[in-house]
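Each remark here refers to the structure printed beneath this line.
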Amino acid sequence: MRVLVVEDEKKTASFVRKALQAESFAVDVMANGEDALLAATGTPFDAIVLDIMLPGRDGLSVLRQLRERKNTTPVLLLSARGEVNERVEGLNLGADDYLPKPFELAELVARVRALVRRVGENKSVVLRVADLTLDTLTRKARRAETEIELTSREYRLLEFLMRSAGRICGRMMICEKVWDYNFDPGTNLVDVYIRRLRGKIDADFEPKLLHTVRGAGYILKEQQ
Amino acid sequence: MTIRTRLNLWYSAILCAVALVVVAAALYHELVLEHRHHRQIVKEESERSQTGEPEINSGDLVDILTWTVTPAVVLGLAGGWWLTRRALTPVTKLTNAVEKIHEKNLGEKIPRTGNGDELDRLTEVFNDMTARLNDSFNRIREFTLHASHELKTPLTILCGETETELRDESLTSDERERLVSHLDEVRRLSKIVDGLTLLAKADAGQIALQFETVRFDELVRDNFADSQILAEPQGVQVELAACAEISVRGDRHRLRQLLLNLADNAVKYNQPNGRVTMNLRRAEGFAEFKISNSGPGIPPEILPRVFDRFFRGDPAHSQTLDGCGLGLSIAQWIASAHGGKIQVESAPSKLTTVTVRLPLT
């Protein structure tokens, strides 16, 4: 998996590169729009992380050019402006995701992972992690042989976590996907819901499946 | 006392004085000079014959004076009243125009008469002053906006690098704790900067809302479900007393943010095992959402300031409560951006109620 990171701020580019490399991505870094456009048209990348504010040609213009040239590489936009309009504009131009600065690294990595895996996303009707199953048609959850009652919000949270099983899910990403909030709610809503969900799917069972990754988010997986 | 009344009082006093002087002079002439003259004539006449001659009576003179001076004074007063009114109308107009100036319309100019008189000059001075104020306000807004943008890059780096360090497997648990604590503070800072950016942009009119017809009652129900969960750890009971079916024209995300901010505040500033009550109804052409909490209440002296940015009633609270201190300011902006109003009622040891009124579709 090869990712192009377009970011003119050296330090940011550096830790983004490190984090993605740690997830065994091959990472190319470009510091301006022109170079990025050249690189993206010459090399097949699996995803592009594109800062909007760049010297010379800005990120939105790079994106527009890419899409005009029928390049369909998934693009994650980064922006320090963080305007709703900008987000809408970016998505309309063909971006696949948008992350306002300051972002959390885990959040960024999770989103890049989601982008490159989107093609092979788990589309099965019954999701399974160890002995926890979730039937997305009947909306019933089961752990071992016990049926688990879920509210609709809890169901959406569990479905999201199970579809991303084995990957860290950042709080912001959860807010976006489960609550459809495109703003930081500034509350501990996600944590409180996770605690409840944990009470339902993990409290009376072994092994524990829903884990907290300190400073990053949550992950649903079989063993820690 | 208005200038007009004062001018009229002075004017009538002077008019009366003048009239009095005239009357006094006339009387003096009539009573003293005429009398003396009359006596002389009488002496001369008595020396010749005793034939009578018609003479002007002093009482007649007073009558004449009364009938001429009084209308003159009355007319003079009325004229003066009219004249001062005419002279002062431009001042009243100017006052009304200046009264309408507030921080949002500093860019507008007061119309000038252009006749170059003192009031025109005053208008010009006022216009210059508001222009200067407008400049300063704009500069402050731009400064806040730039400052919050400038803070974002270092915050991104700080956050990213700390997270990178946290990935190091060889960290001791103490070191890890410390880094996580740093990260928490960096995130808090990020939230503050986010809120600040939002408000700075709102002030500069740079946020376009995505208006659509929204079922407000559905948003309230949704928010009610989330609030119950949010309140659970504190043992706070949340109830939805009424929720009428109401549609409003608004930005779905912003309205949800408004509701969440209010619910979060109601839970956060509550007491353990307290209550939060929500209520949505139609009232006088508005969608009226009320949320009350059984917190300790807000003293009247700080009540007008609860919507101020970063204002916390109790300074001790800022240490224990998370959040950025901008929640209510943001809620207020969202309400007014929808053409609505938000207000808070409270008193110590009484229910605190926040009321939001949004225009119906």
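Just so you know, all these numbers are worked out from the coordinates, no wet-lab data involved. What you see is a predicted model; the values in this text were computed from it and never measured. Using ideal geometry, Cβ is built from the backbone for each residue, glycine included, and neighbour counts are taken over all protein chains shown.
Structural remarks
- Placing +1 on the Cβ of every Lys and Arg and -1 on the Cβ of every Asp and Glu, with nothing else charged, gives the stretch A:116-186 a dipole about its Cα centre of roughly 280 debye.
- Mean ellipticity per residue at 222 nm, deg cm²/dmol - from DSSP H runs of n ≥ 4 across chain B, formula -39500 (n - 2.57): -20500 deg cm²/dmol
- Shielding by partners for peptide B:259-269, expressed as the average number of C-beta atoms from other protein chains within 10 Å of each residue's C-beta, is 2.
- Shielding of A:147-155 by partner chains, average beta-carbon count, 10 Å: 1
- GNM flexibility winner over chain B from B:GLU232, B:GLU185, B:GLU177 (Cα, springs under 10 Å): B:GLU177
- Largest GNM mean-square fluctuation across A:GLY94, A:GLY199, A:GLY166, computed for chain A with C-alpha springs under 10 Å, falls on A:GLY199.
- Cα-centred dipole magnitude for the stretch B:210-266, charges only on beta-carbon of K, R (+1) and D, E (-1), debye, nearest 20: 200
- Two-decimal Rg to Rh for chain B - Kirkwood Rh, Cα set: 1.37
- With both residues required to sit in the protein assembly as shown, DSSP beta bridges show an antiparallel share near 65%.
- Comparing B:VAL42, B:VAL306, B:VAL21 in a Gaussian network model of chain B where C-alpha atoms under 10 Å apart are linked, the largest mean-square fluctuation is found at B:VAL42.
- For the protein assembly as shown, Kirkwood radius (reciprocal of mean inverse C-alpha pair distance, Å): 30.1
- Whole-Å semi-axes of the ellipsoid equivalent to the stretch B:8-49 (Cα gyration tensor, √5λ, descending): 39, 5, 4
- Relative contact order computed over the stretch B:3-99 (Cα-Cα under 8 Å; 6+ residues apart), in percent: 60
- Simple point charges give the picture: +1 on the Cβ of Lys and Arg, -1 on the Cβ of Asp and Glu, and for the stretch B:27-169 a dipole about the Cα centre of about 320 debye.
- Mean ellipticity per residue at 222 nm, deg cm²/dmol - from DSSP H runs of n ≥ 4 across chain A, formula -39500 (n - 2.57): -11000 deg cm²/dmol
- Whole-Å semi-axes of chain A's equivalent ellipsoid (Cα gyration tensor): 35, 17, 16
- Each peptide in B:23-34, B:329-340 was scored by the mean count of other Cβ atoms within 10 Å over its residues; highest first, the order is B:329-340, B:23-34.
- Under 5 Å between amide hydrogens, built in the peptide plane, is the criterion, and for B:LEU240 it picks out B:MET278 among residues at least 5 positions away or on other chains.
- Reduced Cα scattering model of the stretch B:212-359, Debye log10 I(q)/I(0), q = 0.10, 0.15, 0.16, 0.18 Å⁻¹: -0.31, -0.72, -0.83, -1.06
- The relative contact order of the stretch A:2-117, computed from alpha carbon pairs under 8 Å that lie at least 6 residues apart in sequence, is 24 percent.
- Looking at the stretch A:70-108, the trypsin sites (Lys or Arg not before Pro) that sit in a DSSP loop and have at most 13 other Cβ atoms within 10 Å of their own Cβ are A:LYS70.
- Coordinate range along principal axes, alpha carbons of the stretch B:137-203, Å, largest first: 51, 15, 13
- Average beta carbon contacts from partner chains per residue of B:163-173, 10 Å cutoff: 3
- Per-peptide average of other Cβ atoms within 10 Å, ordering A:142-151, B:348-357 highest first: B:348-357, A:142-151
- Chain B - percent relative contact order, Cα under 8 Å, separation 6 or more: 12
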